[in-house]
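Everything on this sheet refers to the single structure shown next.
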């Protein structure tokens, strides 16, 4: 066995002088790496954030939205929020982001929290409210919650301005 083979305890495949591990070892290595990444993400995001990272909700462009807003955060991430309104409340909400997983998690929780709320309740929402709902979140990424809430409020403000304009035109 030459030195390049010494770190393997079982036979390996070789191609052009390079060691290629067999499928079983490759799968085991990939499982180990994935588990390490998941453990780190779970520690950073908590169970609720980790679950939302793995299973995003309310993500995507909303067809037929009553209003949409798009904002760019100081970090360079762009957040978009879509809302549908019914009887003075946010009936549906969704988000789209080109940002990191923290932006996606914050957008998802913000959309979820907005649904069913009155306009006043939405306008009272804050980044810390979203962070409290998530539970655990990396401190360096907390700005993502603020971006998501600010974008949601901008969508609602735009909707309300159009409502007032429509009322004034009807007078």
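The values are calculated or read from the model by the stated rules, or taken from the named source; none is laboratory data. Note that the structure is a prediction, hence the values are computed from the model and not measured. Neighbour counts are summed over all protein chains in view; Cβ atoms, including those assigned to glycine, are modelled from backbone coordinates with ideal geometry.
Residues in the stretch 71-92 that are closer than 18 Å to residue 125 by Cβ and assigned to a strand (DSSP E or B): 71, 79, 80, 81, 82, 83, 84, 85, 89, 90, 91, 92.
Here's the yes/no breakdown for (1) outside the structural domain of residue 146 (by TED's automatic domain parsing); (2) buried (at least 18 other Cβ atoms within 10 Å of the Cβ); (3) more than 16 Å from residue 158 (Cβ to Cβ):
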{"position": "38", "(1), (2), (3)": "yes, no, yes"}
{"position": "89", "(1), (2), (3)": "no, no, yes"}
{"position": "108", "(1), (2), (3)": "no, yes, yes"}
{"position": "112", "(1), (2), (3)": "no, no, yes"}
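The sole residue among 63, 27, 16 that is exposed (fewer than 10 other Cβ atoms within 10 Å of the Cβ), farther than 30 Å from residue 136 by Cβ, out of contact with any strand residue (DSSP E or B) (no Cβ under 8 Å at 6 or more places or on another chain) and modelled with pLDDT of 85 or more is 63. Only one entry of 49, 99 meets the criterion of being surrounded by 11 or more Cβ atoms within 10 Å (Cβ to Cβ), in contact (Cβ under 8 Å) with a residue 40 or more places away in the chain and either part of a helix (DSSP H, G or I) or not assigned by TED's automatic domain parsing to the domain that holds residue 149 (or both), and that entry is 49.
Condition check ((1) touching a helix residue (DSSP H, G or I) at 6+ places or on another chain (Cβ under 8 Å); (2) part of a helix (DSSP H, G or I); (3) without any contact (Cβ under 8 Å) to a residue 24 or more places away in the chain) across all residues:
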site: 145; (1), (2), (3): yes, yes, no
site: 153; (1), (2), (3): yes, yes, no
site: 162; (1), (2), (3): no, yes, no
site: 167; (1), (2), (3): no, yes, yes
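When the stretch 52-70 is limited to residues that are in a loop (DSSP other than H, G, I, E, B) and within 10 Å of the chain's Cα centre (by Cα), the one that is nearest to residue 150 (Cα to Cα) turns out to be 58. When the stretch 118-130 is filtered for residues that are surrounded by fewer than 21 Cβ atoms within 10 Å (Cβ to Cβ) and either assigned to a helix (DSSP H, G or I) or at pLDDT below 95 (or both), the ones remaining, listed by number, are 119, 120, 121, 123, 124, 127, 128, 129.
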